[in-house]
Amino acid sequence: MPSRKYSKKDNNHDALVGALSKMVPVLDTYQYGGKLMDGLARINGGGWHFFDVKNPDTAYGRKGLNDSQRKHALKLGSPVYLLYTMDDVINFASGKFDALKRFPDDKVSAADLT
């Protein structure tokens, strides 16, 4: 299994992903590293949605996705929801996506990252 190319796992990753996995099916993909998001979750018995855990206590975490992740997210054609807190996990698991930060948001296009 490849090792994570970038920074260490966010300090809140295990707690947030653990809580999320008690609410909905989760595929934790953190260990695959690179540009891949932290995971996928099946929300409301429907489709799978990408998520990435960010630590709000660090400047790096507050920035959101890094450049490689943003470029990869645009190629996926699906939003990536950013989970910072337990409230974010609850909103995500409940399908309350409007309450969450996501990438891309309505202000970002592929041209912004070329």
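The values are calculated or read from the model by the stated rules, or taken from the named source; none is laboratory data. Remember, predicted model here, so these are calculated numbers, not experimental data. Note: ideal-geometry Cβ built from the backbone for every residue, glycine included; neighbour counts use all protein chains shown.
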Which residues, counting only those in segment 48-70, are closer than 22 Å to Ala93 by Cβ, in a loop (DSSP other than H, G, I, E, B) and either at pLDDT below 90 or in contact with a strand residue (DSSP E or B) (Cβ under 7 Å, 6 or more places away or on another chain) (or both)? Lys54, Gly64, Leu65
Considering each of Ala73, Ala41, Ala19, Ala93 in turn, give the residue that is at pLDDT below 90, of a type in the set (Gly, Ala, Ser) and surrounded by 14 or more Cβ atoms within 10 Å (Cβ to Cβ). Ala73
Would you point out the residue of segment 97-112, among those that are assigned to a loop (DSSP other than H, G, I, E, B) and surrounded by fewer than 13 Cβ atoms within 10 Å (Cβ to Cβ), that is modelled with the highest pLDDT? Asp105
Among the residues of segment 11-26, are any among the hydroxyl-bearing types (Ser, Thr, Tyr), in a helix (DSSP H, G or I) and within 19 Å of Leu100 (Cβ to Cβ)? yes
Considering residues that are on the phi < 0 side of the Ramachandran plot, surrounded by fewer than 20 Cβ atoms within 10 Å (Cβ to Cβ) and in contact with a helix residue (DSSP H, G or I) (Cβ under 9 Å, 6 or more places away or on another chain), the number found within segment 23-35 is 5
Go through the residues of segment 77-87 one by one and say whether even a single one is surrounded by fewer than 18 Cβ atoms within 10 Å (Cβ to Cβ) and assigned to a helix (DSSP H, G or I). yes
